[in-house]
Every structure is written in structure tokens, then in C-alpha cells.
Amino acid sequence: MKFASLGSGSEGNCWLFECGAEKAPTRLMVDCGFAVKETVARLDRVGVDPQTVDAIIVTHEHGDHIGGVFKFSRKFGTPVYLTHGTWRAALRSRLTEPDYLETGRVVLIDSHSPFQIKKLSLHPFPVPHD
């Protein structure tokens, strides 16, 4: 497994995880609090084409974690995995529109249930965060 922090702080948070076969790895971004242009530049610094990111997993709805998620998803067709509560908060904050759910690129998850992205099994758990 490879891991890179693309940025962590009040201006934005984004982490990249890569695992699996070198020729066809699974690439996940956890959060995307940066603008698309900045995220692309940060991915470029670690040698990753943004079109090869398989999914974005959103930890919670704070702007420094979710601010660029939906714009990145729209630009590159990247699926977004998030809880129902985080989706509702994104709608309230106008970070996305209700009809974006219909694109098939939004996957609503249960914070207590495992889910799969390619061959990778993820096991979320809720953590209070104010």
C-alpha cells in the first residue's frame, strides 16, 4: 500500500491511498477540500493522473474536507462515497445539487457497514467530530 498526504489543514484536506497490482492499482482519495486545479497539481506532484482515481471517500461535511469533492467528481467522473448525513449537509451547504445523486456517482454508505471499491473492502466506523 502507498499513501500520500496531499494536504492537511484548515485550507484543505486530502489523502491518497493506492493498493494492489502495480499495473492496475486501486486509488482512493479520502476527502478533497481543495479546488480542482489545486487537487490536480497536488496529484501531479506524486505522479498520479486524476482520471485514475477510483473513488473519493468523504469523512465528514466540513468544507476543508468536502469543498472540492463534487467539482472533482464532475470533472473526472469519480464516484463519491459518503454517509446519508454528510450528503444532506452537502446539500444544505450548496456544495452539490439534489439531482447529482441521480448521476450514479454518489454512493450513500452506512457508517456501520463495510463496502467494496474494486477488490478493496472498507470498514467505516463513526467518530464524533465538531
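The table below lists the values:
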read-out: Given the chain, longest segment not containing exposed loop GluC sites (Glu not before Pro) (DSSP; at most 16 other Cβ within 10 Å); value: 23-130
read-out: Reach of Lys118 by Cα under 20 Å, taken over lysines that are not fewer than 8 positions away in the same chain; value: Lys2, Lys23
read-out: Within the chain, helix-based [θ] at 222 nm, where runs of 4 or more DSSP H residues each add -39,500 (n - 2.57), nearest 500; value: -6500 deg cm²/dmol
read-out: Length-normalised contact order for the chain - Cα pairs under 8 Å, 6+ apart - percent; value: 18 percent
read-out: Summed side-chain charge close to Arg74 - residues other than Arg74 whose Cβ falls under 11 Å, Lys, Arg +1, Asp, Glu -1; value: +2
read-out: Beta bridge orientation in the stretch 57-130: antiparallel %, DSSP, nearest 5; value: 40 percent
read-out: Top of Arg42, Arg27, Arg88 by mean-square fluctuation, Gaussian network on the chain, Cα under 10 Å; value: Arg88
read-out: Solvent-accessible area per residue for the chain (1.4 angstrom probe, square angstrom); value: 58 Å²
read-out: Qualifying trypsin sites (Lys or Arg not before Pro) in the stretch 92-130, DSSP loop, other Cβ atoms within 10 Å at most 11; value: Arg94, Lys119
read-out: Carbon and sulfur %, accessible surface of the stretch 1-115 computed with the full protein complex present, 1.4 Å; value: 49 percent
read-out: Along principal axes, Cα extents of the chain, largest first, whole Å; value: 38, 31, 29
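The values are calculated or read from the model by the stated rules, or taken from the named source; none is laboratory data. Computed from a prediction, not measured in an experiment: that's the story for all the values here. All Cβ positions, even for glycine, are placed from backbone atoms using ideal geometry, and neighbour counts span all protein chains on display. These accessible areas exclude ligands, DNA and RNA; they are computed on the full protein's heavy atoms, side chains included. Shrake-Rupley method; radii C 1.70, N 1.55, O 1.52, S 1.80 Å.
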